[in-house]
Amino acid sequence: MLKDKNIILGITGSIAAYKAAYIIRALVKKGAKVQVVITPAGKEFITPLTLSTLSRNPVISEFFSNRDGTWNSHVDLGLWSDAMLIAPATAATIGKMANGIADNMLITTYLSCKAPVFVAPAMDLDMFAHPTTQENLDRLRSFGNHIIEPSEGELASHLIGKGRMEEPDVIIQRLEDFFVGQQELSKKKVLITAGPTYEKIDPVRFIGNYSSGKMGFALAEVCAQKGAEVTLIAGPVSLSVHHPNIRRIDVESAEEMYQQAVKLFPETDAAILCAAVADYRPQEQAEEKIKREATGEIALHLVPNKDIAAALGKMKKKNQIVAGFALETQDAVAHAQEKLQRKNFDFIVLNTLTDEGAGFKHDTNKVTIIDKQGIIKDYPLKQKQTVALDIVNKLTELLV
């Protein structure tokens, strides 16, 4: 899967830079074309001559190679590449990537890169565990970058802990798995709902919930990365989509989401219903802002919203897959199984507010996937991007 792929390999100032030589050699043996971009600090750990010899290309480090007016175009590199791999990635480079500090050729290339980006951190255990580093990594994940977690082992400091850059063969396998995965949902159309809905009381007030939309947006990115044509119906959230295969439709209310979902579902292969849709809405919405001083106490009469999941479950054809979500607080598995049957899902993703780090607003989630054959699989607490991969893998099993 790496044959004829254009790979940018970014190398930073870490003792693990010697592993880059093994990465280049493996990529070239598999038929990839490799262009090395190295930071000035990286050249203190491995020589450009070694890297150029192995990659069969001149190594790029500076914006200007000579004093004759020629320069290295980070824009052209970004357009040329099929993937960018930064290995090793130091805490400094990760921080610059996360905050757009474009003070060297590697960072400007990263900011210009339209291809998937893989980051393999390498640093001492305390640096890796520091909240700043973890926050920067979370930010990179939110941008759609793939973090290749470091392993535990003896570090350059001779301490033992997590921070050792993953081994070259594992990194190469991650790249190969990604390119294989790009084809898994090719020619498939996937509909995803995400975020909350807001049900108006008056022009400035609403009934809503705490959903951030992060889980649904992560699902959209993973499906798109696997080759699917994704339609994302998003409630009011402050998130962005990154993959060009994602068509985003913004809605506010449950009724608006319902109308879009039932209109688009017949032309799709699968739907993942991740949105936290409000069950009720006020029967009446005031046309003007309700004034407390003039109105005093108010009573809201709530009426049920249309059930999007039930509607799609009834519409579903034999060749379509529908997956739903269940957020429970008690008797979680039993309630999820009942919902699975009642709404005619093919599988349901259960999470519970009793699990620390799961549920609304978090960057992590802990889920259980239950299918209609009765198979129950528990997953540990993970970043939502990784949880999304587990869910989409389940979808792929049923679709392909």
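The values are calculated or read from the model by the stated rules, or taken from the named source; none is laboratory data. Since this is a predicted model, take the numbers as computed values, not measurements. A quick note on method: Cβ atoms are made from the backbone with ideal geometry, for glycine too, and the neighbour counts reach across all protein chains shown. Quick note on the areas: whole protein, heavy atoms, side chains included, nothing else; ligands and nucleic acids left out. Shrake-Rupley method; radii C 1.70, N 1.55, O 1.52, S 1.80 Å.
Brief remarks on what is shown
- Cα-based reach from Lys317 at 17 Å (exclusive), listing aspartates and glutamates while leaving out same-chain residues under 8 positions away: Glu267, Asp269, Asp346
- Of the GluC sites (Glu not before Pro) found in the stretch 204-298, those in coil by DSSP whose Cβ has at most 13 other Cβ atoms within 10 Å are Glu284, Glu287, Glu288, Glu297.
- Taking all Cα pairs closer than 8 Å and separated by 6 or more residues, the relative contact order of the stretch 166-272 comes to 31 percent.
- Per residue, the average separation of C-alpha pairs within less than 8 Å and at least 6 apart gives the stretch 216-299 a relative contact order of 23 percent.
- For the stretch 206-309, the set of chymotrypsin sites (Phe, Trp or Tyr not before Pro) satisfying both a DSSP loop assignment and a count of at most 12 other C-beta atoms within 10 Å is given as Tyr210.
- Most mobile listed residue (Leu239, Leu137, Leu219) in the chain, GNM with C-alpha springs under 10 Å: Leu239
- Lysines whose Cα lies under 28 Å from that of Lys289, excluding same-chain neighbours fewer than 8 positions away: Lys200, Lys306
- Accessible area in square angstrom per residue, the chain, 1.4 angstrom probe: 49
- Portion, in percent, of the accessible area of the chain that falls on carbon or sulfur, probe 1.4 Å: 50
- Low-density loop cleavage sites - trypsin sites (Lys or Arg not before Pro) in the stretch 109-179, where at most 14 other Cβ are within 10 Å (DSSP): Lys114
- A viscosity of 0.692 mPa s and a temperature of 37 °C, combined with the Kirkwood radius over C-alpha pairs in the Stokes-Einstein formula, give the stretch 298-400 a diffusion coefficient of 223 µm²/s.
- For the cross-link pairs Lys318/Lys384; Lys19/Lys162; Lys3/Lys377; Lys43/Lys384; Lys33/Lys189; Lys226/Lys384, the ones whose C-alpha atoms lie over 28 Å apart are Lys318/Lys384; Lys3/Lys377; Lys43/Lys384; Lys33/Lys189.
- Listed residues Leu140, Ser157, Asn245: farthest to the positive end of the dipole of the chain (Cβ charges): Asn245
- Ranked by the mean number of other Cβ atoms within 10 Å per residue, highest first, peptides 31-37, 192-198 order as 192-198, 31-37.
- Most positive-pole-ward Cα, Ala278, Ser14, Pro266, against dipole of the chain from beta carbon charges: Pro266
- Pairwise FRET efficiency - Gln259 versus Asn319, Cβ, R0 = 22 Å, nearest 0.05: 0.40
- Net dipole in debye of the stretch 181-229 [+1 Lys, Arg Cβ; -1 Asp, Glu Cβ; about Cα centre; nearest 20]: 100
- Candidates Phe63, Phe325, Phe265: whichever shows maximal mean-square fluctuation once the chain is modelled as a Gaussian network with Cα springs under 10 Å: Phe63
- Helix-only CD estimate at 222 nm, as mean residue ellipticity for the chain, using -39500 (n - 2.57) per DSSP H run (n ≥ 4): -10000 deg cm²/dmol
- Amide hydrogen neighbours beyond the local backbone of Phe118, cut-off 5 Å, H modeled: Met84, Leu85, Ile86, His146
- Result for the chain in a Gaussian network model with C-alpha springs under 10 Å: among Cys113, Cys274, Cys223, the largest mean-square fluctuation is at Cys113.
- Net length gained if the chain between Asn393 and Phe143 were fully extended (0.36 nm per residue, minus Cα distance): 87.9 nm
- For the chain: relative contact order, % (alpha-carbon pairs under 8 angstrom, 6 or more apart): 11
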